[in-house]
Every structure is written in structure tokens, then in C-alpha cells.
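Undergrad: Sharing a structure, written as C-alpha cells. Questions coming.
The values are calculated or read from the model by the stated rules, or taken from the named source; none is laboratory data. No experiment lies behind these values; they were computed from the predicted model shown. No Cβ is skipped: glycine too gets one built from the backbone with ideal geometry, and neighbour counts run over all protein chains shown. With ligands, DNA and RNA removed, areas are computed over all heavy atoms of the protein, side chains included. Shrake-Rupley method; radii C 1.70, N 1.55, O 1.52, S 1.80 Å.
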Amino acid sequence: MLTKLALGVAGVASAAVTIRVPETWNPPVTRLSPQDDTFLDELSRASFQFFRECTHAKTGMVKNLGRLEDDKHNTVSSIAATGFGLTSLCIAAERGWIKRGEALERARKTLRFLWNGTPNEHGFFYHFIDWRTGARVWQSEISSIDTAILLCGVLSCRQQFADEEVKELATKIYDRMDWQWLFRSGPFLSHGWTPERGFLTARWDTYSEHMMLYLLAIGAREHAIPASAWNAWHRPAVNYGGYSYIDAEAPLFIHQYSHAWFDFRRQHDGHADYFRNSALATQVHRRFCTELGEEFPHYSNELWGITASESPKGYVIWGGPPRQGPIDGSVVPCAAGGSLPFLTQDSMAALRGMRERFGGKAWGRFGFTDAFNPATGWTARDYVGINTGITLLMAENARTGLVWDLFMKNPEARAAMQLVGFQETALV
């Protein structure tokens, strides 16, 4: 027997997705014991050290990868990692891990560089840049989604710091965005643009991590796109083991990133309750990993998590269900770390088990290593900024909701959610 979540909104009820869960499955509730909170505090402090040490002192750009060895020539910044880094300053200042004045000055330097120091195209930034000069590297694309992650960090700082320069620069950076440029004739936003090829052919046309991108574009004061764009992208309903939810056969992080800043709890639009959907997707992923235990015996209800990460063969896109990529038995801690607000107890159990059972294989200077394989003994050499970042932000949201509270103070965020029809969810 299944329970149903009523998600219809007047006028668009036909577009709603009915999310089904076995009635034995309980909605996630955040309950942290003092021991859990202490563990998350240690994890968060260590994760913040990545952003403290891997941020350029003059530009504020955050390295794509953190390396504990042979780091001299590691000079590539990820614009998305910089967005996580800006948000990490808000958390660290609030918790006293860094003096507020130092956090403020770091935020100022970063925003100044974003405004004047690094190239942009219609306000959008290149995915990868040199952390010293801001110059484009690897012929990377002007990236809509990575710019959106950056903007979430920019707007978090606008609310955290009572500083006129920060507020002015953050607003100018956001208002400079020409959302219409990547929207063109619609109905979808483009993935990006390069000087060599022009607009990328890929469009944000199916459920993914792009919810923040559309909401930022719809709520903008300048060059906004129409609210109807929110309803245009596809929301595929999938079924797995008695669960029905929205998914796109992509790694688990697509269910996490927008939720790091936008607060979707107890809300729905004309299609779904996205917070509950992410909790279901996480539950399904945990079950998928447990079923992989027939092939890799160390996977279980207590040891799970596979999402895009480092691997023995470089950065890979893997996960499931269905099975994606060259799964080899590696465990990716940020899969559980980024799920802390959704399945708090299950994620906590997995994370604590990783550290207690595998020690230095799973844990290092910046908290959890990016990935490790209990069967082979392999451990990732590099820390990936966005993976460390999602763990830090979601740990804080699970503990206090700080990032949600900060970000949702931005009037553009609230306006966007109203424009696309979010309202309180009712369980029946």
C-alpha cells in the first residue's frame, strides 16, 4: 500500500507528479544528538580549512582541487568552488572559526575581483580560470550552472555581512547578468557559450541541479526570463523498488545543489515537493548501493554513497540507479554529506562509520577524502572543491538552517519562488 503526497496547484494540477512511497517509510526529520553535532562540527571545521587554504589571498578565487602534495602548479580555480567558498565564509564567521573582520575582507576581495578582475560574457563567468589572474583555462565554457552556484555564494554574502561595499558589489554582479542572452527565444536556458563555438547545444530542459539557475533568472531585477520557463523543463517520473519520484538518471548531486541555498522544505509548486523528492531519491540511492553489495560486499545500509568524484582513472560521473559509470566499489563521502538534511540519521550513520572504520583512508586534512575504495585500499589524492563545499553547506543546514535562512532573505529568491507558484505542502 502506498501513501501519496498531494502536490496539485490550481490551474496546473495536470502537470503534478504523484510521489509514492511505501507506507513504512517515514519522512526525514532532523534530529541530532550532542555526539552527532560534535562530529558535524569537526567535519565542518575541517571542510572549511579547504576553503581557507585553497583560496587565493588577493583574488579570492578557490582552487578546483586541493592537493596535499605537489601543489605548486595547481593554479586552476573553479568558479563554482568559489561560490561554495563565499558561502563558507558566512558559516565560518557565524561560528567564530574565523574573525568576522577577516571573513569580511576575504568577501570584499572576492567580489571586487569578480566585478573587475576576471572576464565575463554578459555577466556569466568561465567555468575554470587561473586563480591568480582570472584568465580562462582549458578552453572552458562560459557556464550557466557554475555561474549560478557562484551567484548563490555572492548573494549569501550580501545578507551575511553588514557592509555597504559587499552589498553594492553583490547587487551589481547579479544585476549585470543578462539572463535573456542564454535564454534567447526559450523555452530553456543554455548550458553555456564559448568564443570558438558560440552557444552550446545542450539546454537545461530536464530536471537536474538547475533549479537554482532558473529561479535566479526568473527573480532577477534585470534581464529576467519569464516565469513560464519554470514549467517548460521536463520532470521525468521514475519508479524503483516501490518508490516513485522525479529523476534524470544522473548522479546524486543533482538532488542536492539547489537545496544548499534555496529552502524548498514544506513547499511545492505545480509539479512536486522537491525537498521530499530529494529525500526519496537519496533513500533509493542508499538502497541501490546496498544491492550493489552482491558485487562489492562492503556496500551496505551503513556504508553507501556514489556520486561524481575522483577515481583511480580521474574525475568520473557515476552513481545510480540505474547504474551509471564505471562503478568499482569506491565510496564517495559527499553523497551522504550532501544528503544530511534529507536523510539525517542514515547519512550520519554512514559518515561516522566511514571515519571510524577506515580512518585515514576516508579522512584527511580537509575532512573526508573525495573518494576511497575499501576493497582495493585506493584513496583519492585530491579534494574536489564542490564536493567538500556541498558537505559543508548541507551539514550547516542540517544543524541550524543557517545557509537557507541567509539566502532566503534575498528578495529576488523569495520573489522567484512566488512567481513560479510555490505554496505550502499539504500531506494527505
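Undergrad: Can you put 137, 331 in order of accessible area, largest first, using a 1.4 Å probe? Let's see the in-between values first.
TA: Working: 137 30, 331 0 Å².
Most to least solvent-accessible, the answer reads 137, 331.
Undergrad: Oh, and also: Could you state, as a whole-number percent, how many of the C-alpha pairs of the range 266-400 are farther apart than 21 Å? Show your work: numbers first, answer last.
TA: Working: 3333 of 9045 pairs.
Of all Cα-Cα pairs in the range 266-400, 37 percent lie more than 21 Å apart.
Undergrad: Continuing with this model, one more query. Loop only per DSSP, at most 16 neighbouring Cβ atoms within 10 Å: give me the chymotrypsin sites (Phe, Trp or Tyr not before Pro) in the range 261-328, ordered by residue number. All intermediate terms of the calculation are to be shown ahead of the outcome.
TA: On the way: sites: 261, 262, 264, 274, 275, 288, 299, 304, 315, 318; in loops: 261, 262, 264, 299, 304, 315, 318.
Those satisfying the criteria are 315.
Undergrad: With Rg and the Kirkwood Rh both taken from Cα atoms, where does Rg over Rh land for the range 293-348?
TA: Details: Rg = 11.3 Å, Rh = 11.8 Å.
Answer for the range 293-348: 0.96.
Undergrad: How compact and how long is the chain, expressed as Rg and Dmax of its alpha-carbon atoms in Å?
TA: When restricted to Cα atoms, the chain yields Rg and Dmax of 20.3, 59 Å.
Undergrad: In addition: Between beta-carbons, use under 9 Å as the cut-off and find the net charge around residue 233, counting Lys and Arg +1, Asp and Glu -1.
TA: That sum, taken over residues with Cβ under 9 Å, equals +1.
Undergrad: Provide the solvent-accessible area of residue 61, counting protein heavy atoms only and rolling a 1.4 Å probe, rounded to the nearest 10 Å².
TA: Per-residue accessible area (residue 61): approximately 0 Å².
Undergrad: Largest first, what is the accessible-area ranking of 55, 201, 344 with a 1.4 Å probe? Don't jump to the answer; show the numbers that get you there.
TA: Details: 55 30, 201 135, 344 5 Å².
Largest accessible area first, the list is 201, 55, 344.
Undergrad: Now for a separate question. Give the Debye-formula value of log10 I(q)/I(0) at each listed q (0.17 Å⁻¹), with one equal scatterer per alpha carbon of the range 104-217, two decimals each.
TA: Log-scaled intensity ratios, in q order: -0.83.
Undergrad: Could I get the Rg over Rh figure for the range 76-137? Both from C-alpha atoms, Rh via Kirkwood, rounded to two places.
TA: Details: Rg = 12.5 Å, Rh = 12.3 Å.
That ratio equals 1.02.
Undergrad: Taking only C-alpha pairs under 8 Å that are 6+ residues apart, what is the relative contact order of the range 260-356 in percent?
TA: Numbers: 117 pairs, mean separation 22.4, N = 97.
Contact order relative to length: 23 percent.
Undergrad: Cα centroid distance between the range 307-378 and the range 379-395, in Å?
TA: First find each Cα centre; the distance between them is then 10 Å.
Undergrad: I'd like the per residue volume of the convex hull spanned by the Cα atoms of the range 235-327, given in cubic angstrom. Could the numbers behind the result be given before it?
TA: Working: hull volume 10.2 nm³, N = 93.
Taking only Cα atoms, the range 235-327 has a hull volume of 110 Å³ per residue.
Undergrad: A further question follows. What net charge do the residues around residue 181 carry, taking every other residue with its C-beta under 12 Å from that of residue 181, with Lys and Arg at +1 and Asp and Glu at -1? If you can, show how the numbers build up before the last one.
TA: Values: positive: 176, 184; negative: 121, 178, 222.
My count for the surroundings of residue 181 gives -1.
Undergrad: Scale the Cα Rg of the range 31-167 by the rule-of-thumb value 2.2 N^0.38 Å and send over the ratio, two decimals.
TA: Working: Rg = 15.2 Å, N = 137, 2.2 N^0.38 = 14.3 Å.
Rg over 2.2 N^0.38 Å, computed on Cα atoms: 1.07.
Undergrad: I'd like the distance separating the alpha-carbon centroids of the range 183-201 and the range 141-167, in whole Å.
TA: Value for the Cα centre distance between the two parts: 22 Å.
Undergrad: Based on the Cα atoms of the range 161-257, what semi-axes does the equivalent ellipsoid have, where each is the square root of 5 times one gyration tensor eigenvalue, given in whole Å with the largest first? Kindly include the intermediate steps, with their values, before the conclusion.
TA: Values: eigenvalues 163, 69, 34 Å².
Its equivalent ellipsoid spans semi-axes of 29, 19, 13 Å.
Undergrad: Moving to a separate point now. Let me know the number of lysine pairs in the chain closer than 20 Å at the Cα, not counting same-chain pairs under 8 apart.
TA: 13
Undergrad: Also: Given Cα pairs under 8 Å that are at least 6 residues apart, what percent is the relative contact order of the range 292-331?
TA: 33 percent
Undergrad: Just need the relative contact order of the range 69-223 here, percent rounded to a whole number, with Cα pairs under 8 Å and 6+ apart.
TA: 24 percent
Undergrad: Placing +1 on the Cβ of each Lys and Arg and -1 on the Cβ of each Asp and Glu in the chain, which of 411, 60, 292 has its Cα farthest towards the positive end of the resulting dipole?
TA: 60
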